[in-house]
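Trainee: Before I ask anything, here is the structure I am working with.
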2 protein chains.
Amino acid sequence: MNGYAVAVVGATGAVGTKMIKMLETADFPIKEVKFLASKRSAGKTVSFKDQTMTIEETTPESFEGIDIALFSAGGEVSKKFAPEAVKRGAIVIDNTSAYRMDPEVPLVVPEVNEAALKENKGIIANPNCSTIQMMVALEPIRRKFGLKRVIVSTYQAVSGAGNEAVKEMNEQAQKMLDEESIEAAILPVSGDKKHFPIAFNVLPQIDVFAEEGYTKEEWKMTNETKKIMGDPQIKVSATCVRVPVASGHSESIYIEVENEEAASVEAMRDVLRNAPGVVLMDDVADQVYPTPLEAKDKKETFVGRIRKDLDAKDGYHLWVVSDNLLKGAAWNSVQIAERLHHLNMVKSEATK
Amino acid sequence: MNGYAVAVVGATGAVGTKMIKMLETADFPIKEVKFLASKRSAGKTVSFKDQTMTIEETTPESFEGIDIALFSAGGEVSKKFAPEAVKRGAIVIDNTSAYRMDPEVPLVVPEVNEAALKENKGIIANPNCSTIQMMVALEPIRRKFGLKRVIVSTYQAVSGAGNEAVKEMNEQAQKMLDEESIEAAILPVSGDKKHFPIAFNVLPQIDVFAEEGYTKEEWKMTNETKKIMGDPQIKVSATCVRVPVASGHSESIYIEVENEEAASVEAMRDVLRNAPGVVLMDDVADQVYPTPLEAKDKKETFVGRIRKDLDAKDGYHLWVVSDNLLKGAAWNSVQIAERLHHLNMVKSEATK
C-alpha cells in the first residue's frame, strides 16, 4: 500500500490525541502509523480509524522508516528526538516551543506563510496556540490594510495546560459546587512555585515569568507574530490570561492599521468573510459572535465583534475564538503535513 | 437614639444583600433600617446585626422619615421611587444606570471625585461596577502622570447579572461535569433574544448592544470615565466579556500617559502603593498578582502585572481586580453614605 509512515510523539497527551483524530481525516495517504510516548505510557492503547493501536516508548530507532513525525510531548522530548527523526529521513512538525525561534526552522501557519515551508531543513515548528488563531484572523487584514500594532488580551482554555489541568479544574469546580474546600497543584504553571485554583477564577499567568514582567506566553505572541508575518516592525503587546474554560481560546484584539483611509468595519468584514480558515460571526443585531463552547471541535478561527475605536482613525477591535487543541495545535500540525504532501516535500520512498 | 433612618431598595438582590452587610459596619450612626423590595419579595426576612428584619413592599410612603435611601432594584424602580424619596427629604444613592449620565446628578467614586457630592440635588449615582474599579486604579496614575487613553478588556463575574444568573451558571456547571445537556435562559442578558451557556464558556456580551457595535456596558465604561474624571478628552475603548466566575471582576487595562518622562513601572507602583482604596499586588518573581477568588469579600481594588509596553514610550498594562458586588456596587454606595455623613450632607433631623 502506498502512503506515508506517520509517527505521533506524545500520543497520549491533550494535543497528541487530537493529532491522531486529525490524521484520521487528513487528505494524504497513510500506509502506517506509529504512536509514541514516554515509557510510562507505553503499552496503553488508542484507536485509529477503528483499529486499536498500542503506544510505544519513544526511542531514536522509533523513527526508522518514518516519513512524517508530529511532536507534542514537551520541548525536551523534541530537542532529544526531533534530530533523530530527521537523521532517519523524517520531516518533523514540532508543536513545542523548542525550535520556534530558531532562524533555521520555519514557523508556519499555512494560511499565512505556507511558502516558508520550502526553507525547512527537516524541522518545521508549529506556533503557540494563542498566536496561531491571531495570525489567521489578522493576516488578511494586514495584507489589505497594513498592520502597525496589536494589543491583545487573551481568555485561554485550561486544556492548553494539558489533560491533568482540565481534570484539576473539574475537580475544583465540583468541590466548589458542593461548598467543599479546594486545592491547587498544577495551574497556573506545572512546576512553578505557587499554584492557584482555576475553577470559577481567572489567572493572569500562563507559562513562567520572563523579561520585563511579561510571561513567556506573552513573549511568544510578540516574537512569533513578527516571525510568521515576516515583519519585525509589527508591535505586539500581550496580556495572557487563563479562564475556566475546557477548550477554546478567546482573544480581545486591538489593532492599528496602516491604511486608515481604506479600512472600515465593513471592509474588514468583507476581507474576513473570504479569508482562508476564517469564519466571520459578526452580527450583533442578532447576537451573533463566537464563543469557545461553540468553537469546540472545529478547525476554523471565528471572528466577531469587529468595531472601530471611535477615538482613533486607525484603531479596531476584534474578538477571535478557536479550538486551541485543533487550529491552535493538532490541526495546524496536520494541516502543515497536508501542505507538505501537496508541495511534494515529504521524502517518502513509498510515494515516489 | 440618634442616627439616620436608612432604606435599602432591592434588599433581596445580589447587591441589596451586600448593601445590608456593608451597613452593618458603616461608620455612621443608624437609628432605623427599612428593607424594601418588590411586592413579590415582601414578607421575606433578612438579618441585620443579629436582628431579623421583614422585607416591605416599596411604596412612595416607604420613604417617610428616611434620611438615606440606597437603591439597587433596576433602573425603572429608581426612576419611579427615587424622586419620591427625595421629595420626602431623603438623600438617594442610586446603584442603577437611571441617573448616571444626568448632568444634574453627581456620579461618584469617593477616592476619585468626592467633591462632586456637594453638587447633589438629592440623588447621587453609583457608577457601573466595571467602571468603578478602573477609576480607583487609574485616578492616582492620572493625577501623577496624566492619562490620554484607555483600552480595556474585562473579565466580568456572573453575579453582576444577579443571583439568578449565578444559580444558572452553577446548574450548568453541574450538568456539564455530569456530562448532561445544558440549557441557557438568562445570560448574556435577561430578556435579550438569545441566551448562551456561561459555565466553562466566555460571552463577549454584557448588557444589550447599542451604537457602533458596542454594548451598553462598553459605552458605560467610556462615558462614565469621562464624567467621573471630569475630563471629556480621555479616550476609553472597551470590550466587556462575561467569564464563569461567581464574584470579582478582572480587567486587562492598557493606558497611555501624558508625561512619559516621569512615568515608569516603578513610579506607578509607588503611586499605587499609597493610593486610597488600592492594594498593590505586583511581584511576579513571587507570582504575586490579584485574582477574583482572592478579592472576594474585600472592599479594595487590587492592582498587579504593571508592565511597560516595550514598543510605546507612553504605554503601560495593568491587571485590576475587585469584588464587583462590593467596591463595584454595595460598598461604593455605603462609602458614599459615609462620606455624606462626614461632610454633614445628610439632612437628618435626628442628628442635628
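Any read-out appearing in this document is the output of simple, stated calculations on the displayed coordinates, not a laboratory observation. Just so you know, these numbers come straight off a predicted model, no measurement behind them. Cβ: placed from backbone, ideal geometry, glycine included. Neighbour counts: every protein chain shown.
Trainee: Going by the alpha-carbon gyration tensor, a ≥ b ≥ c the square roots of its eigenvalues, is chain A rounded (a/c under 1.5) or, if a/c is not under 1.5, prolate (a/b greater than b/c) versus oblate? Write out the running numbers ahead of the final one.
Mentor: Values: a/c = 1.77, a/b = 1.23, b/c = 1.43.
In terms of gyration-tensor shape, oblate.
Trainee: Also, quick follow-up: Decide, for the range B:116-175, between rounded, prolate and oblate: order the square roots of the alpha carbon gyration tensor eigenvalues as a ≥ b ≥ c, take rounded if a/c falls under 1.5, and otherwise choose prolate if a/b is larger than b/c, else oblate.
Mentor: It is oblate, given that a/c is not under 1.5 and a/b is not larger than b/c.
Trainee: While we're here: What's the whole-number percent of alpha carbon pairs in the range A:97-202 lying beyond 25 angstrom?
Mentor: Details: 2432 of 5565 pairs.
Tail fraction, whole percent: 44.
Trainee: Give me the base-10 log of I(q)/I(0) for the protein assembly as shown at each q in 0.06, 0.08 Å⁻¹, Debye formula, one uniform scatterer per Cα, rounded to two decimals.
Mentor: Rounded to two decimals, the profile gives -0.38, -0.64.
Trainee: Where the eigenvalues come from the Cα gyration tensor of the range A:1-100, what are the semi-axes √(5λ) of the equivalent ellipsoid, largest first, in whole Å?
Mentor: Values: eigenvalues 68, 49, 33 Å².
Calculated on Cα positions only, the semi-axes equal 18, 16, 13 Å.
Trainee: A further question on this structure: Given 5 Å bins starting at zero, what is the percent of C-alpha pairs of the range A:256-342 in each, up to the one with the largest pair distance?
Mentor: Reading upward from the zero bin: 3, 14, 19, 19, 17, 13, 10, 4, 1, 0.
Trainee: Using alpha-carbon pairs under 8 Å, 6+ residues apart, how would you state the relative contact order of the range A:227-352 in percent?
Mentor: Relative contact order comes out at 27 percent.
Trainee: Determine which residues of the range B:265-303 fall in the zone a paramagnetic label at B:ASP27 would reach in this model, i.e. backbone nitrogen under 17 Å from the point 7 Å along Cα→Cβ.
Mentor: B:275-279, B:299-301
Trainee: In percent, how large is the relative contact order of chain B, given Cα pairs closer than 8 Å and 6 or more residues apart?
Mentor: Working: 802 pairs, mean separation 67.4, N = 352.
Contact order relative to length: 19 percent.
Trainee: Give me A:SER190, B:SER247 sorted ascending by neighbouring Cβ count inside 10 Å, so fewest comes first.
Mentor: On the way: A:SER190 13, B:SER247 23.
So the ranking, lowest neighbour count to highest, is A:SER190, B:SER247.
Trainee: Sequence neighbours fewer than 8 away in the same chain don't count; with that in mind, list the aspartates and glutamates whose C-alpha is under 13 Å from A:LYS31.
Mentor: List returned: A:ASP67, A:GLU349.
Trainee: List the pairs from B:LYS44/B:LYS80; A:LYS148/A:LYS313; A:LYS308/B:LYS313; A:LYS21/A:LYS44; A:LYS175/B:LYS296; B:LYS227/B:LYS327 whose alpha-carbon separation is above 21 Å, in the order I gave them. If you can, show how the numbers build up before the last one.
Mentor: Numbers: B:LYS44/B:LYS80 23 Å; A:LYS148/A:LYS313 13 Å; A:LYS308/B:LYS313 24 Å; A:LYS21/A:LYS44 17 Å; A:LYS175/B:LYS296 18 Å; B:LYS227/B:LYS327 18 Å.
Distance filter (> 21 Å) returns B:LYS44/B:LYS80; A:LYS308/B:LYS313.
Trainee: Please tell me the relative contact order of the range A:71-222 in percent, rounded to the nearest whole number, where contacts are Cα pairs under 8 Å and at least six residues apart. Intermediate results must be reported in sequence, preceding the final value.
Mentor: Working: 177 pairs, mean separation 20.5, N = 152.
Relative contact order of the range A:71-222: 13 percent.
Trainee: Still on this model: What lysines does B:LYS79 reach when the alpha-carbon gap must be under 19 Å and sequence neighbours fewer than 8 apart in one chain are set aside?
Mentor: B:LYS39, B:LYS87, B:LYS121, B:LYS216, B:LYS220
Trainee: Let me check I have the definition right: for the range A:131-324, take the eigenvalues of the Cα gyration tensor, multiply each by 5, take square roots. What are those semi-axes in whole Å, largest first?
Mentor: On the way: eigenvalues 202, 75, 35 Å².
Each semi-axis is √(5λ); the values are 32, 19, 13 Å.
Trainee: Right, another one. Could you list A:LYS148, A:LYS118, B:LYS175 in order of exposure, starting from the residue whose Cβ has the fewest other Cβ atoms within 10 Å?
Mentor: Values: A:LYS148 18, A:LYS118 10, B:LYS175 15.
Lowest count first: A:LYS118, B:LYS175, A:LYS148.
Trainee: A further question follows. Which longest uninterrupted range of chain B lacks any GluC sites (Glu not before Pro) assigned by DSSP to a loop state (not H, G, I, E or B) and surrounded by at most 14 other Cβ atoms within 10 Å? Don't skip to the end; give the middle numbers.
Mentor: Values: sites that count: B:GLU64, B:GLU104, B:GLU179, B:GLU180, B:GLU183, B:GLU258, B:GLU261, B:GLU349.
That would be B:262-348.
Trainee: Exposure proxy check: A:SER159, A:SER348 ranked by fewest other beta carbons within 10 Å?
Mentor: Values: A:SER159 25, A:SER348 22.
Fewest-to-most ranking of A:SER159, A:SER348: A:SER348, A:SER159.
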